[in-house]
1. Can residue 145 be described as in contact (Cβ under 8 Å) with a residue 40 or more places away in the chain and in contact with a Lys or Arg (Cβ under 7 Å, 6 or more places away or on another chain)?
2. Going by the conditions given, is residue 222 free of Cβ contacts under 8 Å to residues at least 60 places away in the same chain, more than 27 Å from residue 61 (Cβ to Cβ) and out of contact with any Pro (no Cβ under 7 Å at 6 or more places or on another chain)?
3. Could you look through region 202-222, keep only residues that are in a helix (DSSP H, G or I) and charged (D, E, K, R), and pick out the one that is farthest from the chain's Cα centre (by Cα)?
4. Determine, yes or no, whether residue 240 is of a type outside the set (Lys, Arg) and closer than 25 Å to residue 63 by Cα.
5. Under 6 Å between Cβ atoms, at least 6 apart or on separate chains: pull out the pairs that start in region 154-165 with a residue that is among the small types (Gly, Ala, Ser) and end on any residue that is part of a loop (DSSP other than H, G, I, E, B).
6. Is it the case that residue 113 is at pLDDT 60 or above, of a type outside the set (Lys, Arg), surrounded by fewer than 23 Cβ atoms within 10 Å (Cβ to Cβ) and not assigned by TED's automatic domain parsing to the domain that holds residue 208?
7. Give the number of residues within region 211-243 that are charged (D, E, K, R) and touching a Phe, Trp or Tyr at 6+ places or on another chain (Cβ under 9 Å).
Amino acid sequence: MIFLSSYAFANTEIHRYRDANGNLHLTNRPVQPLPKSKKSKKNQEANLSNSNLRLAGLGNDVKIYKFTDANGVVHLSDRPTDSHSQLIYAGKNPLPMQVIPFSGSSNGKAKNPSNTSTYSTPFTPSNQKAQQYAALIDEAAQKAKVDPALVHAVVKAESAYNPDAVSPKGAVGLMQLMDGTARRYGVTDRYDPTENLSAGTRYLRDLLDMFNDTKLAVAAYNAGENAVIRHGNQIPPYRETKGYVTRVLSLYDSFRGVQ
């Protein structure tokens, strides 16, 4: 199994080590226990460039899973390693570097661009139906570090705050979770508002981290992250998705009081 672990790969020194199980890790900073760090060579387990990341030995079709360890280090692997692993990419090898949910900063700190959502203060909606779920939304948003106004915008667009909503494609609940997304985030009951909001908000956070752009994260929430990647990290040219992004961002601006 090949592991990649880092906050940043691009334009930085790469260290490598094998854990007790013989799994290879690549990281931008030494991780204990690590007796000696060396720069990674181009012809070793991963070939890095500004546009692509090729994983040697994995074939042309790959799946990439993400998890965060107890020390806060984000790991990428080609197989799920525990119950918290999340599938973030299924496609061709080499991978577009945009798939890798890390910044390009060399200090190990993730970027927080001004156009991505972070938790700030609780949002109090005026709509009575929205008020019913405001506390749950704020709790989920705070845990995932997402602006609750953005979560409200997604919920409003997805289900109009109806926990029993079911789409023609089979999406369920307040944040319209598909079965695969629900399983990815450990949801057992998609109709349960607490589970649905928690999973949907964590998914939204992962998309914000992946694309570093609120518009693209919202587009990916509707069309899937791979659709955004396939279209060169642009909003896919689907009528539904383009309309969805416009609606969610309009609601988001309205909820934040942006003219």
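1. Yes, satisfied.
2. For residue 222, the condition - free of Cβ contacts under 8 Å to residues at least 60 places away in the same chain, more than 27 Å from residue 61 (Cβ to Cβ) and out of contact with any Pro (no Cβ under 7 Å at 6 or more places or on another chain) - is not met.
3. 215
4. Details: of a type outside the set (Lys, Arg): yes; closer than 25 Å to residue 63 by Cα: no.
Criteria not met by residue 240.
5. Filtered contacts from region 154-165: 159/165; 159/174; 159/176.
6. Spelling it out, it is not the case that residue 113 is at pLDDT 60 or above, of a type outside the set (Lys, Arg), surrounded by fewer than 23 Cβ atoms within 10 Å (Cβ to Cβ) and not assigned by TED's automatic domain parsing to the domain that holds residue 208.
7. Matching residues across region 211-243 total 1.
One line per residue, one yes/no per condition, for (1) at pLDDT 95 or above; (2) surrounded by fewer than 20 Cβ atoms within 10 Å (Cβ to Cβ):
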residue: 158; (1), (2): yes, no
residue: 171; (1), (2): yes, yes
residue: 189; (1), (2): yes, yes
residue: 192; (1), (2): yes, yes
residue: 207; (1), (2): no, no
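The values are calculated or read from the model by the stated rules, or taken from the named source; none is laboratory data. No experiment lies behind these values; they were computed from the predicted model shown. Backbone-built Cβ (ideal geometry, glycine too); neighbour counts: all protein chains shown.
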